[in-house]
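Participant: Take this structure, written in structure tokens, and hold onto it; I'll ask about it next.
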Amino acid sequence: MRSQRLPFHRKGLFSLLSVLATLLLGGEASAQTLYGAATNSASGGQPRPSSLYTIDPQTGTATEVGPIGFNNVTGLAFLPDGRLVGSANGDNEFVDNTALLIEIDTATGQGTLIDVIDDNVNGECGRMPDITYDLTRHTLFGYSDSCDTLEGLYTIDPVTGAGTPPANPSGFDDGGNGLAAHPVTGTIYGTPIDSDGLITIDPATGVATLIPASAGNGVNAVNALDFHPVTLQLYGSFRDFDGNDDSFLVTINTEDGVVTTVGPTILGLDAIAFSRFCGDGQPAFNEECDDGNDVNGDGCENDCTLSLCGNGTVDSGEECDDGNFAAGDGCDALCLLEAVCGNGTQDPGEQCDDGNSVDGDLCTNLCALNPAINGGGCALSVPRAAHGLPSFSAALGVLGLLILGLRVRAGR
């Protein structure tokens, strides 16, 4: 996969330029995979089985992956390890008003129970209309509904599924809809039904605040939210309650809540999530590359950083990599081996190289023959055998010449 290697210190610049190019050209942005969960039914009410779909983010067109095996999957989120998790209705499997956390196979759509998030048995919340993974806080959040007491921002353990109720109510009490955390700023957005607009939620207190400019723009009819992993545009699923209950894929302006239709989509779309983990083969805003494998040294490391000269690892196409760009240390700034006096190998331009820094022996520390020992500048050379090493006979010859020279000097 390697083309031209770039110095390691240019990684940030390269990443920025690649993202800008993506935004300008739009090709890579459209290639990002958007998943959705839908019942393929316009009516709500009773629990209905959900299926997993892939959705074209440019048109809204949905393609079924397969049945999930759980009812009313209303929230989806990708975890950093690549797992797709969802929130589902567990009334049939457990007691009424039970919210479940499930894991979903993106290849088949099949869901597997992780555990109960919460229920109404203890006066808490038995619905989780949407979930989102906050990359800035490394936390899975959910917005609760059907609550006897507090409606608001839950934290959810992605391993055990256990939900922790909010310390304070959000300030809205008519049910959930969408939830999404901005991947860069960590701002958490929501669309409660009775908000009449787009809200932000403080994760420290749980208190929600209406974005004033969004009031009356109909964004509270958006029942699922997620940010595009490259453009960082907020997407949503809009349900036309004033029409035929049709579903539409939309984008939402986070400043004023203006909703723009992308296109019609599958009926009953109630959850969306963009694939955004390292290793999915789709570079995101926080990745320098993503080749879809875990092989290091192939141009893209398994942490989605570029394999670049200067990273201290000898990658494919490099002769060396000492982790710096200093010249004269044996490895140059392009990760090519360079001739260095003192490396024990006679390189071009050197008369000798004995691998030490002693200046009073046969070979000076400038890799030149020592004239004081070699008879006042006699151009004594050391023949090299295969692999660049002096032959044994040549070494004996040089030793003999040294002994003869010493005897001559002793006799003067």
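The values are calculated or read from the model by the stated rules, or taken from the named source; none is laboratory data. Being a predicted model, the structure only gives us computed values, none of them experimental. Virtual Cβ from ideal backbone geometry, glycine too; neighbours counted across all protein chains shown.
Participant: Among residues belonging to region 110-133 that are buried (at least 18 other Cβ atoms within 10 Å of the Cβ) and charged (D, E, K, R), point out the one that is modelled with the highest pLDDT. Write out each step before concluding.
Facilitator: Taking region 110-133 as the starting set, the residues that turn out to be buried (at least 18 other Cβ atoms within 10 Å of the Cβ) are 111, 114, 116-120, 124-133.
Checking which are charged (D, E, K, R) leaves us with 118-119, 124, 127, 130.
Values: Asp118: 91, Asp119: 88, Glu124: 70, Arg127: 88, Asp130: 96.
Step by step, filter region 110-133, then rank; the result is Asp130.
Participant: May I pose another question? Quick check on my filter: what residues within region 55-107 are polar (S, T, N, Q) and buried (at least 16 other Cβ atoms within 10 Å of the Cβ)?
Facilitator: From region 55-107, those polar (S, T, N, Q) are 58-59, 61, 63, 71-72, 74, 87, 89, 92, 97-98, 106; that's our starting set.
Matches in region 55-107: Thr61, Asn71, Asn72, Thr74, Ser87, Asn89, Asn97, Thr98, Thr106.
Participant: What's the number of the condition Ser307 fails, among (1) of a type outside the set (A, V, I, L, M); (2) touching an Asp or Glu at 6+ places or on another chain (Cβ under 6 Å); (3) modelled with pLDDT of 85 or more?
Facilitator: (3)
Participant: Restricting attention to region 81-106, report how many residues are of a type in the set (S, T, N, Q) and in a strand (DSSP E or B).
Facilitator: Taking region 81-106 and keeping what is of a type in the set (S, T, N, Q), we get 87, 89, 92, 97-98, 106.
Imposing the further condition that a residue be in a strand (DSSP E or B) reduces the set to 87, 89, 98.
Residues meeting the conditions: 3.
Participant: Still on this structure: For region 107-136, give me each residue that is assigned to a loop (DSSP other than H, G, I, E, B) and either in contact with a strand residue (DSSP E or B) (Cβ under 8 Å, 6 or more places away or on another chain) or not assigned by TED's automatic domain parsing to the domain that holds Phe78 (or both). Steps first, please.
Facilitator: Kept after step one, since they are assigned to a loop (DSSP other than H, G, I, E, B), are these residues of region 107-136: 107-110, 120-124, 135-136.
Ala107, Thr108, Gly109, Gln110, Asn120, Glu124, Leu135, Thr136, listed by residue number.
Participant: May I ask you to list the residues in region 187-214 that are touching an Asp or Glu at 6+ places or on another chain (Cβ under 6 Å) and at pLDDT 95 or above? Quick ask: steps written out before the conclusion?
Facilitator: Step one: of region 187-214, the residues touching an Asp or Glu at 6+ places or on another chain (Cβ under 6 Å) are 193-194, 213-214.
Across region 187-214, the qualifying residues are Ala213, Ser214.
Participant: Same structure again: Filter region 188-214 down to the residues that are in contact (Cβ under 8 Å) with a residue 40 or more places away in the chain and of a type in the set (Ser, Thr, Tyr), then identify the one that is surrounded by the most Cβ atoms within 10 Å (Cβ to Cβ).
Facilitator: It comes out as Thr191.
Participant: Here's something else I'd like to know. Regarding region 368-377, can at least one residue be identified that is within 30 Å of Leu308 (Cβ to Cβ) and modelled with pLDDT under 85? First the steps, then the outcome.
Facilitator: Step one: of region 368-377, the residues within 30 Å of Leu308 (Cβ to Cβ) are none.
No, because not a single residue in region 368-377 is within 30 Å of Leu308 (Cβ to Cβ) and modelled with pLDDT under 85.
Participant: Now, a different point. Checking the condition in a loop (DSSP other than H, G, I, E, B) and not assigned by TED's automatic domain parsing to the domain that holds Ser50, which residue from Gly257, Gly328 passes?
Facilitator: Gly328
Participant: On the given criteria, is Ala284 in contact with a Ser or Thr (Cβ under 7 Å, 6 or more places away or on another chain) and either within 30 Å of Asp194 (Cβ to Cβ) or part of a loop (DSSP other than H, G, I, E, B) (or both)?
Facilitator: Considered against the rule, which asks whether it is in contact with a Ser or Thr (Cβ under 7 Å, 6 or more places away or on another chain) and either within 30 Å of Asp194 (Cβ to Cβ) or part of a loop (DSSP other than H, G, I, E, B) (or both), Ala284 comes out as no.
Participant: Now for a different question. How about region 200-247: which of its residues are part of a strand (DSSP E or B) and farther than 17 Å from Asp130 by Cα?
Facilitator: Applying the first criterion (part of a strand (DSSP E or B)) to region 200-247 yields 200-201, 208-210, 222-227, 234-239, 247.
Within region 200-247, Thr209, Leu210 qualify.
Participant: For residues that are within 20 Å of the chain's Cα centre (by Cα) and among the hydroxyl-bearing types (Ser, Thr, Tyr), tally how many sit in region 156-187.
Facilitator: 2
Participant: For Thr265, only one of the following conditions fails: (1) hydroxyl-bearing (Ser, Thr, Tyr); (2) closer than 30 Å to Asp174 by Cβ; (3) not assigned by TED's automatic domain parsing to the domain that holds Asp105. What is its number?
Facilitator: All conditions are met except number (3).
Participant: Still on this structure: All but one of (1) buried (at least 16 other Cβ atoms within 10 Å of the Cβ); (2) within 20 Å of the chain's Cα centre (by Cα); (3) more than 18 Å from Pro129 (Cα to Cα) hold for Val262; state the number of the condition that does not hold.
Facilitator: With (1) buried (at least 16 other Cβ atoms within 10 Å of the Cβ); (2) within 20 Å of the chain's Cα centre (by Cα); (3) more than 18 Å from Pro129 (Cα to Cα) applied to Val262, the lone miss is (2).
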